[in-house]
Amino acid sequence: MEIKISLDKQNVISEIDNRIYGSFIEHLGRAVYGGIYQPGHETADDMGFRKDVLEYVSQLKVPIVRYPGGNFVSGYNWEDGIGPKENRPHKLDLAWQTIETNEVGIDEFQEWAKRAGSEVMMAVNLGTRGADDARNIVEYCNLDIDTYYSQLRRKNGFEKPFGIKLWCLGNEMDGPWQICAKTPMEYARTACEAAKLMKWVDPSIELVACGSAHMFMPTFGEWERTVLRECYDHIDYISLHNYYGNPDDNTPKYLAQAVNMDKFIKIVEGICDEVKAEKGSDKTVNLSFDEWNIWFHSNEQDKETERYVVAPRLLEDIYNFEDALVVGSLLITLINNSDRVKIACLAQLVNVIAPIMTEDNGCWLQTIFYPYMHASVFGRGTALNVNIDCGTYDADELKDVPYVTAAAVDNGNGELTVFAMNRSLDEDAVVDAELAGFEGYTLQEHIELNCDDFKAVNSLENPDNVVPNNKDIGETITFAAHSWNVLRFKKV
Ligand code: AHR
């Protein structure tokens, strides 16, 4: 097929907030223990962090990492994870039905994040706890003047405040699976009061209120409206969470899932603006898509996992080639909505629905690592509107899905990157590109991720089974059937 892609340097969506390339580490499965932290491992550093994992995380240039959950946070007492390790309690984690040893807590995690070149996005427990503990942890992490909690931090060896800027007011509090789930109004009131106190302790922080756990929750819409009406003046972002999957093995439909992500974003954006108008407010609440990924491969095996053990294998989805294509298209959607999506977290980062996997004898990279790395490394700058003239297809309820989806980022420094995914299973797309305002730019690199086998995966034994390649640059640009593409144009 022949397609036309046009863009214009002046036709801007937004300056991209780098935090859309964030990720997530939860106390869940082997994300922390045996993932980022494994004292005694041959690559362990002075604090027990695996350097091989840190090396891969650095390659991803992850700007923020959400922590410590997820569902876990709704039953978590943060004080259990500070102070001398020998005094830390082993506790039941009811969210994932495991044992939490508390060897890693906020003291260690903020240090890990520094070593990874990331900032922490910290969640507070609004399940079993509330405003009081929320304000105390802000005081522990961020206060410089002498108070009980800042002195406690100093006593634990951390003279300087951690300076955690971004905080989540709980997690998925609408989900019946959540520890101490709440009705919209119960959550809205709790979040509002917690937000007030947290900002009174440190007015420089930014707060993310929980939106719905996903777009098909029964209270979706009503939840957002209630939370925004109650909390509007005290919060900065509302969260969106969504996981995608291909349980029916319907590849054309699966490759179109970004359409659902886009719709979800537009609906929440609309609700934010509706409440803004109701209130006659000058303030805009933006979106934090702080859990997104593919999650379905491990569902059945997780039902067999032994309960109440330390760090069992949980949510260890093994990602195939088509999953990587979908992740690429979801990243394109986040970039194309960067005027309102200011934060997003690929959930998660290590071992648990993750791009990076560990075993005692090594680390390996999943297929989804590559589009995530490409977007995070090359997708910084100004997002431009991209007009794509191409054919469409229907996939069940998803109608008129364009075969090609794309996003473009001008880095302001003589480099333009176009990310594109061809959803067609059998037709290459020959591209006629019109890049207004980029005269003198030429294509320097065309990275492609493609594979004949949609179900091909990487593994510790075969880590390079699905990896990107550099295509030869010729007269024409072609997006091969079912491929992820990164075009890097540079001013010469
Ligand atoms: O990321 C895995 C889980 O998915 C998180 O703990 C929870 O917030 C969501 O349901």
(request) Would you point out the residue of the range 31-67, among those that are within 22 Å of Lys165 (Cβ to Cβ) and of a type outside the set (A, V, I, L, M, F, W, C), that is most open to solvent (accessible area, probe 1.4 Å)? (result) Lys61
(message) Condition first: among the small types (Gly, Ala, Ser), more than 25 Å from Arg50 (Cβ to Cβ) and either surrounded by 15 or more Cβ atoms within 10 Å (Cβ to Cβ) or within 16 Å of the ligand (Cβ to nearest atom) (or both). Can you find one or more residues in the range 173-186 that meet it?
(response) yes
(message) Among the residues of the range 291-303, are any within 16 Å of the chain's Cα centre (by Cα) and aliphatic (A, V, I, L, M)?
(response) yes
(request) Considering only the range 106-158, state which residues are within 30 Å of Val377 (Cα to Cα) and part of a loop (DSSP other than H, G, I, E, B). (result) Gly117, Ser118
(message) I need the full set of residues from the range 382-415 which are among the charged types (D, E, K, R) and either in a strand (DSSP E or B) or touching a residue at least 12 places away in the same chain (Cβ under 8 Å) (or both), in order please.
(response) Asp389, Asp394, Asp396, Lys399, Asp400, Asp410, Glu415
(message) I need the strands (runs of 3 or more DSSP E) fully contained in the range 337-381, keeping only those with at least 1 residues that are among the β-branched types (Val, Ile, Thr) and in the same structural domain as Asp290 (by TED's automatic domain parsing).
(response) 341-346, 356-359
(message) List the residue pairs whose Cβ atoms are under 9 Å apart, where the first residue sits in the range 280-306 and is aromatic (Phe, Trp, Tyr), the second is open to solvent by 30 Å² or more (accessible area, probe 1.4 Å) and in a loop (DSSP other than H, G, I, E, B), and the two are 6 or more positions apart or on different chains.
(response) Phe296/Pro247
(request) Give just the number: which of (1) among the charged types (D, E, K, R); (2) over 21 Å from Pro312 (Cβ atoms); (3) open to solvent by 10 Å² or more (accessible area, probe 1.4 Å) does Glu100 not satisfy? (result) (2)
(request) Starting from residues that are among the aliphatic types (A, V, I, L, M) and closer than 21 Å to Gly270 by Cα, keep the ones in the range 284-330 and report whichever is farthest from the ligand (Cβ to nearest atom). (result) Val285
(request) Please give the number of the condition Asn136 fails out of (1) surrounded by fewer than 16 Cβ atoms within 10 Å (Cβ to Cβ); (2) more than 23 Å from Ile343 (Cβ to Cβ). (result) (1)
(request) Inspect the range 423-439 for any residue being surrounded by 16 or more Cβ atoms within 10 Å (Cβ to Cβ), touching a helix residue (DSSP H, G or I) at 6+ places or on another chain (Cβ under 6 Å) and over 20 Å from Lys253 (Cβ atoms) and give the result as yes or no. (result) no
(message) Quick test of your reading of the structure: Asn337 fulfils all but one of (1) open to solvent by less than 20 Å² (accessible area, probe 1.4 Å); (2) closer than 21 Å to Gly70 by Cα. Name the failing condition by number.
(response) (2)
(request) Please specify each residue of the range 238-260 satisfying the condition of being within 16 Å of the ligand (Cβ to nearest atom) and open to solvent by less than 20 Å² (accessible area, probe 1.4 Å). (result) Ile238, Ser239, Leu240, His241, Asn242, Tyr244
(request) Tell me which residues, restricted to the range 346-361, are among the hydrophobic types (A, V, I, L, M, F, W, C) and closer than 16 Å to Val32 by Cβ. (result) Ala347, Leu349, Val350, Val352, Ile353, Ala354, Ile356, Met357
(message) Taking the criterion of being under 19 Å from Leu349 (Cα atoms), within 16 Å of the ligand (Cβ to nearest atom) and crowded, with 24+ Cβ neighbours inside 10 Å, would at least one residue in the range 2-20 satisfy it?
(response) no
(request) Among the residues of the range 1-47, count how many are among the aliphatic types (A, V, I, L, M) and assigned to a strand (DSSP E or B). (result) 6
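The values are calculated or read from the model by the stated rules, or taken from the named source; none is laboratory data. As the structure is a prediction and not an experimental result, all values here were calculated from the model. Here Cβ is always computed from backbone atoms with ideal geometry, including for glycine, and neighbour counts include all displayed protein chains. The area values use the complete protein model at the heavy-atom level, side chains included, leaving out ligands, DNA and RNA. Shrake-Rupley method; radii C 1.70, N 1.55, O 1.52, S 1.80 Å.
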